[in-house]
1. In Å, what is the Rg of the alpha-carbon atoms in the stretch B:123-228, and how long is Dmax?
2. In peptide B:199-205, what is the residue-averaged number of other protein chain Cβ atoms found within 10 Å of each Cβ?
3. Using the charge dipole of chain B (Lys, Arg: +1 at Cβ; Asp, Glu: -1 at Cβ; taken about the Cα centre), state which of B:I73, B:F222, B:S12 has its Cα farthest towards the positive end.
4. Mind checking the log10 I(q)/I(0) for the stretch B:1-124 at q = 0.11, 0.16 Å⁻¹? Debye, one equal scatterer per Cα, no solvent, two decimals.
5. For B:R241 paired with A:T126, estimate the spin-label separation in nm (one decimal), with each label point 7 Å from Cα along the Cα-to-Cβ line.
6. Could I have the simple spin-label model distance between B:R209 and A:N268, label points 7 Å from Cα toward Cβ, reported in nm to one decimal?
7. Given q = 0.21 Å⁻¹, what are the Debye log10 I(q)/I(0) values for the stretch A:282-382, with equal point scatterers placed on the Cα positions and solvent ignored?
8. Using a Cα-Cα cut-off of under 16 Å, which aspartates and glutamates could be cross-linked to B:K165, ignoring same-chain neighbours fewer than 8 residues away?
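FYI, it's all coordinate maths here, none of it is from the lab. What you see is a predicted model, and the numbers here were worked out from it, not measured in a lab. Using ideal geometry, Cβ is built from the backbone for each residue, glycine included, and neighbour counts are taken over all protein chains shown.
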Amino acid sequence: MTVPDTAPEVAGLAPELAGAKEGQGSKPLASASERFTAYDVEAFEVPGGREENWRFTPLRRLRGLHDGAAFDGTAQIAVSSGEGVTVETVGRDDARIGEGGVPADRVAAAAWSTFREATVVTLDGTPAPVTITVTGPGHGATAAAHLQLRTTPHAEATVVVEQRGSGALADNLEVVLADGSRLNLVVTEEWADDAVHAGAQHLSIGRDAVLRATSASLGGDLVRITQTVKYRGPGGDAELAGLGFADAGQHLEQRLLVDHAVPDCTSNVIYKNALQGVAGTPDARTVWIGDVLIRAAAENTRTFELNRNLVLTAHARADSVPNLEIETGEIAGAGHASATGRFDDEQLFYLQSRGIPEDVARRLVVRGFFGEILARITVPELRARLEDAIEAELAVTGS
Amino acid sequence: MSTLEITGLHVSVAADGGAKEILKGVDLTVRSGETHAIMGPNGSGKSTLAYAIAGHPKYEITAGNVTLDGQDILAMTVDERARAGLFLAMQYPVEVPGVSMANFLRSAATAVRGEAPKLRTWVKEVKGAMSDLDIDPDFAERSVNEGFSGGEKKRHEVLQLSLLKPKFAVLDETDSGLDVDALRVVSEGVNRFRADGDVGVLLITHYTRILQHIRPDVVHVFAGGKVVSTGGAELADELERNGYARFTTGAPAEAGV
């Protein structure tokens, strides 16, 4: 494929390589398979905001995580103990660090280059659900963190990562699933209003391993999460679900790459966002980028990805970029769907015409919209808490 | 004993080139225990009357009154009208993805009755009402109207009617798109509603066949945005024989919903 020298962007996939930036470069990359990765922050150019993978992110609100943050604070990571759960604090020289993946953007690399110690949580057998709490460094501070979750072969575990607090955090979360293991992972972004979180999740699926990941993005000023799924052997199965509720001025960004490079693996992605803006304040914003790559070797792959955005009010903007690259014809199934719709006045009229007050009708519709995501959260208290949090978000503007 | 009174009702909708008047002075009084059929050609404004009474935001009331036992319906929000005792069975019921029929019915019953129905009796009540209308119990778990056939949607409108027990029901072309069996089931549902309580029915239809199942006390012929003739059930028989031609000459048809 010939790419003209002047092409500023390639839909969805071109990374911030030296030279890929508009006006500087010769050739942007044409495929997710060519995505540049490195542990060293200096291997990446400082993004200017026009690169494909930064063009949606308000860099001015990143608190310098991409360029010159002091990383003077510390994010506390606390892990609930239990049988079959081993918690270690290790240095970057630990051989296991990096097994999950390699940073693919400058912020993730900055976090990798900066963290002082990593928390490694190993799940063995069938432990009771584990709760990991990540607390931001505090108002005005910046921090880098590193967390690795790993399973032993045939382990079955549930882990909830709850993230809250103030300040700015750049981090890497490695998930390394051993062969035949199964992990239910729930990650919540329940930050304070000032918080900024730029997180990179590296999800590495072993042979016949199963990942059921659900994320809930509710709080924070700016939350940008990148998820990369890789399969180390055939039979891997990854399901990534997520919900986001963006209110006035909030920027929630989810970018994922599912890299099918081995045969007989499955991926299923379903993300839903609701947006609710307010006149006179910056827009409520969501960004969803879903890249699925099926390489030539990945025969008999089955994949589907879906993004739905529900725009409840004016002063809101949702971007959705699904992208499917297929390099082999021998696949079991592949598809994607994306739709962004306004809250439907006809639905509201119908519900109200049966006596249901407007606020109750809106709650019914939003609860219904998120229902299939929330149903995946198997920890009842957590599901109830997130349902309450969504209703509280809805109540903010009294709608 | 309740009275739904419509006087001098004028209704407009926004259209290219400004507001377009659809209803041009409707006068109509329905008392509980009565069934009134409103018949008229397409575009005569029948559905506009139904939606205007229910409070659809698309329709602007430019003159006239609608009262329920003296209360000003037009001053109420859509949900207040329903709680005051009005019900509109829609010609095209709206799909609400993600909201289960069961959840919707319970929310509506809670709103209309002023308190949540007791769970045990409620489940029994819903099952009974569904069975009366030949509705498969599985529908309770499906999203409201989503993927329902035309006939299934109409059955569910009548299901809501039977559970919410309004004082007045406006049935907007509930018979359209129904096969003979479905028409019978739906009509029986409406007749049960009529028999169960001291209620009034405003039956809007284009065809006379539903009137074989639901006998009206009064028949109004609607043309050009107003009632042009009123009579007993025999008026429907005349329409069956002669059509609307006698009423539409000189009254230009207007676009309705």
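1. Calculated on Cα positions, Rg and Dmax stand at 14.3, 46 Å.
2. Details: counts 0, 0, 0, 0, 0, 0, 0.
So the per-residue partner count for this stretch is 0.
3. The residue sitting farthest along the positive end of the dipole is B:I73.
4. The computed values of log10 I(q)/I(0) come out as -0.47, -0.92.
5. 8.0 nm
6. With each label point 7 Å from Cα toward Cβ, the separation is 4.3 nm.
7. Taken in order of the listed q values, log10 I(q)/I(0) reads -1.10.
8. Cα-Cα hits under 16 Å: B:E34, B:D79, B:E80, B:E115, B:E125, B:D132, B:E157, B:E188, B:D196, B:D198.
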